[in-house]
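Step one of this worksheet: look at the structure below.
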Amino acid sequence: MRFSIIEMKCFLYILLTNFVFTPTDEKIIKANVYVYVSSDHCYSLNEPLCRVLMRPYVSGKYKEGTQCPIMVKPYRDIQQATIT
């Protein structure tokens with residue numbers, strides 16, 4: 001368990017120090033998604049549970065599924081553009 005947390009922290013460090021993340025022009029909306037959990041996965045309950053999860057969707061593209069588009073650019077390109 002600890003090893004996977006360390007791996008995730010290293011992965012995030014590499015991403016955040018080497019890339020610049022910016023939002024796109026597309027409008028993002030939030031929608032609630034209902035997930036049903038069977039009683040096999042619950043503790044001493046005989047009926048299914050309903051869990052509500054909030055997911056991001058692009059406005060007008062609900063059928064394409066959950067999306068949260070972002071622009072990713074290498075940090076070096078941004079840094080060199082500001083120097084010249």
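Since every read-out is calculated from the coordinates, none of them should be taken as a lab result. Predicted, not measured: the structure shown is a model, and the values here were computed from it.
Around the amide H of F19, modelled in the peptide plane, lie the amide H atoms of Y75, all under 5 Å away and 5 or more residues distant in sequence or on another chain.
Residues whose amide H falls under 5 Å from that of Q67, counting only those 5 or more places apart or on a different chain, are Y57, V58, with hydrogens built in the peptide plane.
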